[in-house]
1. Can you name every one of the strands (runs of 3 or more DSSP E) wholly within the stretch 75-175 that holds 1 or more residues which are surrounded by fewer than 13 Cβ atoms within 10 Å (Cβ to Cβ)?
2. Determine whether Gly100 is touching a Pro at 6+ places or on another chain (Cβ under 6 Å) and closer than 22 Å to Lys129 by Cβ.
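Rule-based calculations on the coordinates, nothing more; no lab input. Treat the numbers as computed from the prediction; the structure is a model and nothing was measured. Note: ideal-geometry Cβ built from the backbone for every residue, glycine included; neighbour counts use all protein chains shown.
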Amino acid sequence: MTARSRRPMSLFPLAPLLLALLTFTGCGNSAEEAASEAAIRAATGERASVERDGDTNTISTDDGSMTMTAGGDLALPDDFPDDIYLPDDHRVLSVMELDGADVIGIGTPGTLASVFDEASAAMQRNGWKQVMAMQRDSHRMLGFEKDKRQARMMLVANEEDGGVMLNLQLQSSMQ
């Protein structure tokens, strides 16, 4: 993760929109990149440059950059911490690297209740302080803090395959 941003989270709220935009605008020729850049400018009010390399898209503005990769079975970032819970049987479906934060989408078999309980116990065994837990019928959320780091987990039932979608949000320093 790089740290060149004055406001490192400025693109963060728009990340799902930007990922969808880049996914649907094609394979990276200059006309498609220009269209993506124009759409981002319309949505954010900022100039942006878009670079594509296969399934990886990097959006850069004066405020920072965001790198997103989406696909079937991706690798975790090289600097992914070893004290973060990952289900034994999981697939990394998306990776988004922002200045100071990572957002990782994971698919795993199981139920909301079992993955929630396993994640909570594993994170606490790894020295994380649980600071938030929420349980609803359709989704669950967990929040943790450790050594000026934050980890947030959103778990949603995946109705297509009966498993769970786990969205990890990792921030390297608390603000």
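1. 129-135
2. Here the answer is yes, as Gly100 does meet what is asked.
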